[in-house]
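Peer 1: Following this message is one structure expressed as structure tokens.
Where a number appears in this text, it was derived from the coordinates with a stated rule and is not lab data. Keep in mind that what you see is a predicted model, and the values were worked out from it rather than measured. Using ideal geometry, Cβ is built from the backbone for each residue, glycine included, and neighbour counts are taken over all protein chains shown.
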Amino acid sequence: MLGVTKEKILVTGALGQIGTELVEALRDKHGTSSVIASDIRSVKEQKTTRQGPYVTLDVLDTDSIIKLCNDEGVGTVYHLAALLSATGEKNPELCRKVNVGGTISVFEAAKKCSLRVFSPSSIAVFGPDAPKHAPQITDLNPSTIYGETKVRGESLAKEYLENYGIDVRGIRYPGLISYKAPAGGGTTDYAVEIFEAAINHGHYECFVRPDTRLPMLYMDDAIKATLMLMDAPNDALGPSKAGYNIDCHSFTAQELADAISQEVDGFKCDFAPDIRQKYADSWPDSIDGSVAKEEWNWAPNYDLQEIVKAMLDGLSEEN
Ligand code: NAD
Ligand code: AKB
């Protein structure tokens, strides 16, 4: 549109676990008015009052995304709207609709409005047949519907790049640990819930076995990785740009509980595995992030002890 520069940023699914912190980081970096937060939910549902532009937007509504991008001069979309694994497996149809349909909707808008897109993937792309230390490139045969939608998201990104030159970048996020917004219905939520339970009740009943080992990352690192990837020069990025494995930390549920016990006197964790154990068992124990390290220099800052400290300090300050 004449007179509208395409400098603004749109974040979909902005009221979720990642969006809550990504919007804050993007506003610090680019200025509050440059970052439009959006979600299907009303902003009033969010505990924290949001400073800055907010619109209610269903990612399945392609026309509204296109209109918003044209009217506001949006040049980049961080597409976070999705259903996570546990919620997705309970409602496979909606999971496919939102995760695949929503991604197509955003990519179609990208085609029409020349947008750059960040579209996250997940360690859920790997299935039980993948090596337990998952390499960047291996067969992707997830056993969850959620994982299938993430594999499809990566292939759609490649398709839109090859066919229409759309710059879509993504990270196969591991389980993300944070305290500013609740975890959104995933299998790795135990690694978030355990902290609040430790502080408030001195006890947590964990829904996976103690020996369940999964790759995990503190949210500050996840946000840093996201911004680094989006800032990386395009010619540094190879064929994995739609779904990078990134180096992170890998620990069992028992190791996490033990690390919390060292900081919270008397904390006790019991284990009562439920259906989410099956999803966790189908995912890798750890991931090889050497391609991301080589191409855009990624390395995490927080190890397990530092994550535990940051979470307990953060939650105590909030209470
Ligand atoms: P979340 O569940 O916390 O947030 C997702 C947001 O999307 C919610 O606020 C929800 O209201 C919104 N939403 C749902 N349907 C929508 C629709 N039709 N239109 C608009 N908004 C809609 O999820 P998150 O943890 O912030 O995850 C964001 C992305 O990162 C997802 O693609 C997820 O698969 C991926 N990811 C997250 C993790 C993690 O541990 N948090 C790990 C791997 C990948
Ligand atoms: C989930 O558990 O569903 C997410 C993920 C690893 O994609 N945290």
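Peer 1: Quick one: Cα centre-to-centre distance for the stretch 12-90 and the stretch 196-259, in angstrom?
Peer 2: 22 Å
Peer 1: For the chain, give me every cysteine whose Cβ has no other Cys Cβ within less than 4.7 Å, ordered by residue number.
Peer 2: That list is Cys95, Cys206, Cys248, Cys269.
Peer 1: How large is the dipole of the chain about the Cα centre if only Lys and Arg carry +1 and Asp and Glu carry -1, each at its Cβ, rounded to the nearest 20 debye?
Peer 2: The calculated dipole for the chain is roughly 960 debye.
Peer 1: Continuing with this model, one more query. Which net charge results when you count Lys and Arg as +1 and Asp and Glu as -1 among the other residues whose beta-carbon is under 13 Å from that of Ile246?
Peer 2: With Lys, Arg at +1 and Asp, Glu at -1, the neighbours total 0.
Peer 1: Also, quick follow-up: Pull up all non-local amide H partners of Ser122: gap of 5 or more, or a different chain, and H-to-H distance under 5 Å with H placed in the peptide plane.
Peer 2: Those qualifying (amide H under 5 Å, at least 5 residues apart or on another chain) are Tyr173.
Peer 1: What value, in deg cm²/dmol to 500, does the helix sum -39500 (n - 2.57) over DSSP H runs of n ≥ 4 give at 222 nm once divided by the residues of the chain?
Peer 2: -12500 deg cm²/dmol, from helical runs alone.
Peer 1: Let me ask you something else. Over the alpha-carbon set of the chain, divide Rg by the Kirkwood Rh and report the Rg/Rh ratio to two decimals.
Peer 2: Looking at the chain, the ratio lands at 0.96.
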